[in-house]
Each structure stands twice: as structure tokens, then as C-alpha cells.
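The values are calculated or read from the model by the stated rules, or taken from the named source; none is laboratory data. Every value quoted in this text rests on a predicted model; they were computed, and no experiment measured them. Neighbour counts run over all protein chains shown; Cβ positions are idealised from the backbone, glycine included. SASA here: full protein model, heavy atoms, side chains in, ligands and nucleic acids out. Shrake-Rupley method; radii C 1.70, N 1.55, O 1.52, S 1.80 Å.
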Amino acid sequence: MKMVFRWYGEGNDTVSLRQIKQIPGVEGIVWALHDVPAGEEWPMDKILEYKQKADAYGFHLDVVESVNIHEDIKLGLPTRDRYIENYKKTIEKLAQVGAKVICYNFMPVFDWIRTDLFKELEDGSTALFYEKAIVDRMDDPMDLVRKINENPDFTMPGWEPERLQHLTSLFEAYKQVTEEDLWNHLQYFLEQIVPVAEANGIKMAIHPDDPPWPVFGLPRIMTSRDNIRRLLSLVDSPSNGVTLCSGSLGANPENDIPAMVREFADRIPFAHIRNVRVYENGDFIETSHRASDGTVDICDIVKAYHENGFTGYARPDHGRHIWDEKCRAGYGLYDRALGIMYLWGIWDSLERTKQEARA
Ligand code: DNO
């Protein structure tokens, strides 16, 4: 297991590379050019700027999260080919700085969705929270469009301004797109991209949908074990893999994550490991990584990776906001660092037991 830590870049992140360096066992940063719009080719000079910064602290840039997919690709529009060509060029450039894994997602319009970014937990810390009824009430996209038209300031946590600009037309466009269409568009994308990734020594790793069910009337497909199986069969190559995110998939208690790790181990180049607590009404909140704090069995997940001799990359994913830290929601230093130590604790003791059994 190679430990990495997400870093949003200077001026964008409250955590510094110097601080990350002091977390035990972190070898690389998980990065992206967040200011390059989806669909555009990444400029080499900006990629090299990141490399220089990472080099100064001895971090590698093996894992990129995310090279985002232009909506035209997800919508299957004729203009998609142009954006797919740009994507291929970005892959080639990323290979030049040693990238090994590219994380991406195929969620229409939105990435992750929460209803409260700073919901208080019993211990006084705060964390990302999802109140199911709020989102369920907005299951008609046109309702949402009306809401936004009536109140241009209407927003929800995590909605980036550039997505909002095009929201109405995107909702219109997605009205025609079924789940099956989305699968076909994903296949079209992967059939072109995976050979290029393979030739460049890069593994594509799709991120599951968060939460793993349709929202706002938009289709979502990366939601379950069966669907991951289907994804892997779209293009049968080690370069077509998954970012197995225990927190995203874990929001649906029917998802058995340790079983997924065991089944898909050799197609998981990148693991996001975090816990969530799911309530009976379907709400969920993110908790510390400790297994007993949430509903996701982090111990068994790490055990499953260990059993399979996992040599991929892992990151602690989100954390709570603790000790009065002011940070990007979910991306503080303290709780993610604690999460890493928990993961190492489990991993090292499993490793020790294995060595003792051999002796
Ligand atoms: C949230 C993240 C997601 C993830 C993308 C991957 O914090 O887990 O934004 O990076 O969905 O493409």
C-alpha cells in the first residue's frame, strides 16, 4: 500500500507540503490542475510547476485526481471527439512526469453532493452531511432549474460556479439520457482512452458516484458491485480500473465493500479509504476512520487489501474538521492525518502477523 495525500495546490489548500511531509509514510501528493476547465488539454508548463513543487519535498506525482470529463462526452454529443482527443494528449503529458494513475468520474453535471458541509458530531467536531429528504425532494431537474431562475444565488454545498452557469441547458440535455445511454457513452470514451493509457503506463481509475444513487433526476451508474463488474468488462485491460472509494459506496449499506476489494483487487490501482455513518432514514455523515465510529468496516477493508498483497495507492480521503481547524470542507490536515495513522496501524499489525506466521 503506497500512501498518498490530496493537495489542492498553493493558494487553494490550507495544508502545506511541509505539513504533509510530517505525516508518517506519505510518499506522494494526489493533485490536479484545478483551474483548467474540463475538456481542455493540460498545459505542460503548469504540470511542470507542480512537479517542481513536489520534487522540493521528495513527493511523487503518480496519482492525478481528477482529469475531469467534459459533459459532451457524458452526453454522447458529436463534439465529444474533440474533448477525447484533448484527454489523450493530457494522458501523454502526464506520463512524462511519471503519472501512473488517473482518477476520473462519470457523474452527470455534479460531483459529490452533500446538504451540510459542517454538521456537528457528538464530540463537537464537524463533518460532511447528507440529508436524504432534502435531495429527494428535488428529484425533478426542471424544479431545480425554476428554483435557480427565481433565485440566482441558490446553491448547494460543493456546487462549483462554472457548473452553475450552464445548469439549465445541461438539465435540458440530460432529459434525453437514460442510464443505458450513459453506459454507452462511457464505453465509447473508454474504448478510445484505455489503449492510450496502456501505451503510456497509466491506469484509468473511475471514482464511484457519491452518493451512489441517482440525484436530481440525473442518471448515475457507478453505484454497486454489479455495475463495477460491468465497467471492468467494458474494456478488459489493467488500464481500465476503479478508484474504490469506501465512503462513496458505503453510503448505501447494501454495498459490501470488503467483498468488492476481494473481488476487484487487481483492478483497483487507487483506494479511497474513509468511514461514514448511515442512519435508518438514509441520511449519512462522515466520521473518523475508526471502524466503530461509522457503518463501514474499515478494518476488514484494510484486511482485504492486505490479503491481496495490495501495492496500489491509498489516501485517507475526507476527514472531519477537528481542533478548530479552518480548512476546505473535508480536507483538513488533522483528521486525515489521524486517518492515515489508523490505516497504518491496521496494515502494520497485519504485516507483523504475516511475518510471524512465516517465521
Ligand atoms: C471528493 C472527492 C471527489 C472525487 C472525484 C473523482 O472529495 O472524492 O471529488 O475527487 O469525484 O473524480
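Note on the stretch 40-132: enclosed strands (runs of 3 or more DSSP E) holding 3 or more residues that are over 16 Å from the mean Cα position of the chain (by Cα) and closer than 30 Å to I285 by Cβ are 116-120, 126-130.
Taking the stretch 1-26 as the range and being open to solvent by 80 Å² or more (accessible area, probe 1.4 Å) and not polar (S, T, N, Q) as the test, the residues that pass are E10, G11, R18, K21. Every listed requirement among (1) assigned to a helix (DSSP H, G or I); (2) surrounded by fewer than 17 Cβ atoms within 10 Å (Cβ to Cβ); (3) among the aromatic types (F, W, Y) is met by W213 save one, (1). The residue that is farthest from A314 (Cα to Cα), counting only those in the stretch 209-229 that are in contact (Cβ under 8 Å) with a residue 60 or more places away in the chain, of a type outside the set (A, V, I, L, M, F, W, C) and within 15 Å of the ligand (Cβ to nearest atom), is R220. Put simply, of R328, R274 the only residue that is within 16 Å of the ligand (Cβ to nearest atom), open to solvent by 10 Å² or more (accessible area, probe 1.4 Å) and within 28 Å of K203 (Cβ to Cβ) is R328. Scanning the stretch 292-346 for residues that are on the phi < 0 side of the Ramachandran plot, among the charged types (D, E, K, R) and in a loop (DSSP other than H, G, I, E, B) returns D297, R320, E325, K326, R328.
In the stretch 102-124, the residue that is most open to solvent (accessible area, probe 1.4 Å) out of those that are at pLDDT below 95 and β-branched (V, I, T) is T115.
For the stretch 293-316, filtered to residues that are within 22 Å of E351 (Cβ to Cβ) and either modelled with pLDDT under 95 or among the small types (G, A, S) (or both), the residue that is nearest to the ligand (Cβ to nearest atom) is A314. Of the residues making up the stretch 304-325, just one is open to solvent by 40 Å² or more (accessible area, probe 1.4 Å), over 20 Å from Q22 (Cβ atoms) and in contact with a helix residue (DSSP H, G or I) (Cβ under 6 Å, 6 or more places away or on another chain), namely N308. What about L232, is it part of a helix (DSSP H, G or I), within 23 Å of S66 (Cα to Cα) and within 15 Å of the ligand (Cβ to nearest atom)? Judged against the criteria, L232 is not a match.
Across the stretch 63-89, the number of residues qualifying as away from the ligand (no atom under 16 Å from the Cβ) and either under 25 Å from F5 (Cα atoms) or among the charged types (D, E, K, R) (or both) comes to 7. Residues that are farther than 17 Å from A99 by Cα and free of Cβ contacts under 8 Å to residues at least 12 places away in the same chain are absent from the stretch 53-72 altogether. Return a yes/no flag: does the stretch 159-178 have any residue that is at pLDDT below 95, closer than 24 Å to V63 by Cα, open to solvent by 50 Å² or more (accessible area, probe 1.4 Å) and within 16 Å of the ligand (Cβ to nearest atom). There is at least one residue in the stretch 159-178 that is at pLDDT below 95, closer than 24 Å to V63 by Cα, open to solvent by 50 Å² or more (accessible area, probe 1.4 Å) and within 16 Å of the ligand (Cβ to nearest atom).
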